Amino acid sequence: MYGADVLPIIVEFLNRVGIPTTLGPFGREGFLPGVSVWDGGLRVDPSHLVAAGDLLHEAGHMAVVPAALRRRLGNDLQRSLDAAAAEIGFEGPALDFIGRLGEPMAIAWSYAALREAGLPVECVFFPGSYNLNGDPAHLLHVLETGNSFGIDGLARLGMTGNAGVHR
C-alpha cells in the first residue's frame, strides 16, 4: 500500500473530524479496493487498500454531505445521496453543489485535511493519482493558490472562506 506509514494518522484524523473510520478484514469489495461506505463512515481493509491518502479523498465526498444524510450513504455516493434526500424530502443548494462540484470539493477537502493533519501532500497527490499522468503539480498549484472550483464549492457550503481561508 502506498503511504502505509500515514494510515494510522489518517484514520485518527477522520475519526476526530466525525467520519468514523474502522480498520478490519472487510475484504476487497467496495468502491475502491478495500474501502466501503458503511453507516456514515468508512470501513477499510488495509490488506486491499491501494493508497492510504485515498481515504482522505473519499472522506471529502462524505464531509460535504449534510449530516442528516451522511448515515444513509452507500458505496455509490451520488445514487445513495439522491435516494436518501428523496426519502426524507431534503432539498437545498447543498445538494446541487454536491452533484455538480462533488469531485473538485473532495479534492479540495482532502488537500485541506492533509494540511490540518500535518501530512505531506504526496500522501494524497502521488504520481499517478487523479489520472494526472504522473504529475500532480498543476493540481497542487491550483489548490495552493485558491483557484479551485472545489474551494469555491466548499466556500458556498460555508466550510471555508472564498480563497480557501479556514473559518
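Some notes on this structure:
- Extension gain from His141 to Ala67, taking 0.36 nm per residue of separation minus the Cα-Cα distance: 23.6 nm
- For Gly74, the residues whose amide H sits under 5 Å from its own are Ser80, Leu81, ignoring neighbours fewer than 5 places away on the same chain, with H placed 1.01 Å from N.
- Here the spin labels are modelled as points 7 Å beyond Cα on the Cα-Cβ line, and at Gln78 and Phe31 they lie 1.0 nm apart.
- With contacts taken as Cα pairs under 8 Å at a separation of at least 6 residues, the chain carries a relative contact order of 19 percent.
- Of all stretches in the chain that contain no GluC sites (Glu not before Pro) in a DSSP loop with at most 14 other Cβ atoms within 10 Å, the longest one is 92-167.
- Summing +1 for each Lys or Arg and -1 for each Asp or Glu among the other residues whose beta-carbon sits under 15 angstrom from that of Gly118 gives -2.
- Taking a Cβ cut-off of under 15 Å around Val35, the surrounding Lys, Arg, Asp and Glu residues balance to a net charge of -4, with basic ones at +1 and acidic ones at -1.
- Per residue, the chain reaches -13500 deg cm²/dmol at 222 nm when only DSSP H runs of four or more residues are counted, each adding -39500 (n - 2.57).
- Beta bridge orientation in the chain: antiparallel %, DSSP, nearest 5: 55 percent
- Label-zone membership for the range 66-93, site Arg156, 7 angstrom Cα→C-beta point, backbone N under 13 Å: 92-93
None of the figures in this text is laboratory data; all of them are computed from the coordinates on show. Only a predicted model underlies this, so the values are computations on that prediction, with no experimental measurement involved. All Cβ positions, even for glycine, are placed from backbone atoms using ideal geometry, and neighbour counts span all protein chains on display.
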